[in-house]
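Heads up: the structure comes next, in structure tokens.
Derivation of every value follows stated rules applied to the coordinates shown; laboratory data play no part. The model shown is predicted, which means the values in this text are computed figures rather than measured ones. No Cβ is skipped: glycine too gets one built from the backbone with ideal geometry, and neighbour counts run over all protein chains shown.
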Amino acid sequence: MHDALENNPAVSRRALEEHHDACFAWALLLTDHDRTAAEDVLQQAYLLVVSGRARFRERSTLKTWLFGVLRNVSRRAQRRRRLDRLLALRLGADPVAEAVAPPEPADPRLQEALGSLPSRQRELLGLVFFADLSVEQAAGVLGVGVGTARTHYHRAKQTLRRLLEVDDDG
């Protein structure tokens, strides 16, 4: 049995399966832990890969490339939702859709601290700590220079450290 995807020969089914858990975790981070939205983003990204509309050209690792595809799909979905809400407001409809509650974080203080970071810093930390990418690989996914990524990474860690410091007097 041929393991490569017909429309994207540099990608194999086995490789997609190998990276699936990490891709789903990244999709959850991109969608603020909305499981349904993360599943939609993942499905759309896989469709792009399987159809060959997103082509792996081996200029990075497959995992880094997949994370970039997921990020692009997520951003398009966010823009589409914003446009839908704007259109609904202009038409006088109720723009509030049913929201899926994110899962309870293991550490609410950490979740709150992460939520207070700018999105680029939050995404960078997610890629480095949760997706196990290097800062250099994360820079590639985010489409920023390595120096910029290192600066955001350093600032994010400093901010988290400050926000999570335990008050020794209390």
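Here the Karplus relation 6.51 cos²θ - 1.76 cosθ + 1.60, evaluated at θ = phi - 60°, turns the backbone of segment 34-45 into coupling constants of 8, 4, 5, 5, 5, 5, 5, 4, 4, 5, 5, 5 Hz, with x for every Gly and Pro. Phi-derived couplings, Karplus 6.51 cos²θ - 1.76 cosθ + 1.60 at θ = phi - 60°, listed residue by residue for segment 120-136: 5, 5, 5, 5, 4, 4, x, 5, 6, 8, 9, 9, 6, 9, 6, 4, 5 Hz, with x used for Gly and Pro. Charged neighbours of Ser134, selected by a Cβ distance under 13 Å, balance to 0 (K, R count +1; D, E count -1). Put the Cα centre of segment 112-129 next to the Cα centre of segment 1-63 and the gap is 22 Å.
Hull surface divided by four, with the convex hull built on the Cα atoms of segment 1-44: how many nm²?
Working: hull surface 13.6 nm².
About 3.4 nm², averaged over all directions.
For segment 1-85, the dipole from Cβ point charges (+1 on Lys and Arg, -1 on Asp and Glu) about the Cα centre works out to 580 debye, to the nearest 20. Stretched out straight at 0.36 nm per residue, the stretch from Glu58 to Arg80 would grow longer than its current Cα-Cα span by 4.9 nm.
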